[in-house]
Amino acid sequence: MLKSLDNKSVSLVFFDPQYEKAGSVMFVDYPLHFQSENQIIVILKEIERILKPSGFCLLWVNKEVLKSDRVQNWLIKTTKLNIVDFLVWLKRKIGMGSYFRSSGEYAWLLQKNPTNSKKFTNRCIPNIWKEDMIGVAKRKHPHQKPYFLIRTLIEATTKEEELVVDPCAGSFVVLDACQQTNRNFLGVDLTINDLQEYNQEKAKEKGLVIDVRENNE
Ligand SMILES: C[S@@+](CC[C@H](N)C(=O)[O-])C[C@H]1O[C@@H](n2cnc3c(N)ncnc32)[C@H](O)[C@@H]1O
């Protein structure tokens, strides 16, 4: 999908890699594709290529990545991408943890050269963003990110009709936010069919009806 895009054609990318097998941290066997270090670097290089000058990428990282030097090593290979800020999503839901228990997720804000803070047009976004995590029954993906945060970032960094890309789209929450804000969207997820089948099976077991997105349009 990324290879089909022209150089410097995209205003904003959300990149949320699958850093580990879901079952290894959540004790649930979600059918999600785990991404190798090499795959992440290949995607980041494509993001560097397709972003417009001063375009943005929100790169989600988990606690293990944050504790390591992995992001710095990726950015050595993508020299036009610069870390310009850091964000915590405070989910209000306390998860597991070996020492501190997790109640947040983390993201680096990257900007392609030349960095220019004026391209970020909303000065009111806090770097600790409080938004409740969607409940399990309504969630389309176990790692679904917060809709209002995504929508606010889209509005802060792009104009109407510009292109927003999500190469690991999961729940396609970025598509929802683009539709509401009149931005163009391109996204893909390798496991959308498997995950829908899995969610439907689980919902049937529990006697629930779940919202399933038509994915073959
Ligand atoms: C962390 S989740 C993304 C969640 C998403 N940001 C959301 O808010 O719903 C990462 C997703 O990327 C998918 N994935 C892994 N490798 C991929 C690849 N090479 N291309 C597209 N999707 C991939 C995984 O199966 C998983 O669904």
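Computed from the coordinates by the stated procedures, all read-outs in this text should not be read as laboratory data. A quick note: this is a predicted structure, and the numbers were derived from the prediction, not measured. Because the Cβ atoms are built from the backbone with ideal geometry, glycine has one as well, and the counts that use them run over all protein chains shown.
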Among Lys52/Lys145; Lys8/Lys140; Lys52/Lys91; Lys8/Lys91, the pairs whose Cα-Cα distance exceeds 28 Å are Lys8/Lys140; Lys52/Lys91; Lys8/Lys91
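Using Cβ counts within 10 Å as a stand-in for footprinting exposure, how do Glu20, Glu160 rank, fewest first? Write down the numbers at each step before the final one.
Numbers: Glu20 15, Glu160 9.
Ordered by Cβ neighbours within 10 Å, fewest first: Glu160, Glu20.
Using a Förster distance of 35 angstrom, determine the FRET efficiency expected from the C-beta separation of Tyr106 and Ser9, and round it to 0.05.
Working: r = 28 Å, r/R0 = 0.80.
Once rounded, the FRET efficiency stands at 0.80.
How much length, in nm to one decimal, is gained on full extension between Gln179 and Ile94, taken as 0.36 nm per residue of separation minus their Cα-Cα distance? Numbers along the way, then the final one.
Details: separation 85, 0.36 × 85 = 30.60 nm, distance 3.10 nm.
Roughly 27.5 nm would be gained on extension.
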Is region 53-106 best put as rounded, prolate or oblate by its Cα gyration tensor, with a ≥ b ≥ c the root eigenvalues, rounded for a/c under 1.5, and otherwise prolate when a/b is larger than b/c, oblate when not? oblate
Looking at the chain only, what percent of DSSP beta bridges run antiparallel? Nearest 5 please. 50
Pull out a ≥ b ≥ c, the square roots of the eigenvalues of the alpha-carbon gyration tensor of region 2-190, then state rounded if a/c is under 1.5, prolate if not and a/b is larger than b/c, and oblate in the remaining case. rounded
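Summing Lys, Arg as +1 and Asp, Glu as -1, what charge do residues with Cβ under 9 Å from the Cβ of Leu51 carry, Leu51 excluded? Could the numbers behind the result be given before it?
Working: positive: Lys8, Arg49, Lys52, Lys80, Lys112; negative: Glu48.
Net local charge, Leu51 excluded: +4.
Per 0.36 nm of contour for each residue apart, how much would the distance between Lys80 and Ile41 grow if the chain were fully extended, relative to their Cα-Cα spacing?
Numbers: separation 39, 0.36 × 39 = 14.04 nm, distance 1.35 nm.
Taking 0.36 nm per residue and subtracting the Cα distance, the gain is 12.7 nm.
Sorting Phe148, Phe100, Phe185 on the 10 Å Cβ count, fewest up front, what's the list? Before the final figure, lay out the partial values.
Details: Phe148 12, Phe100 8, Phe185 18.
Lowest to highest Cβ neighbour count: Phe100, Phe148, Phe185.
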Rounded to the nearest 500, what is the chain's calculated 222 nm mean residue ellipticity when only DSSP H runs of at least 4 contribute -39500 (n - 2.57) each, over all residues? -9000 deg cm²/dmol
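Work out how much length Glu131 to Glu20 would gain on full extension: take 0.36 nm times their residue separation and subtract the Cα-Cα distance, in nm to one decimal.
That pair, Glu131 and Glu20, stretches by 37.6 nm at full extension.
List Ile76, Ile192, Ile50 from most exposed to least, where exposure is judged by having the fewest other Cβ atoms within 10 Å.
The fewest-first ordering by Cβ neighbours comes to Ile76, Ile192, Ile50.
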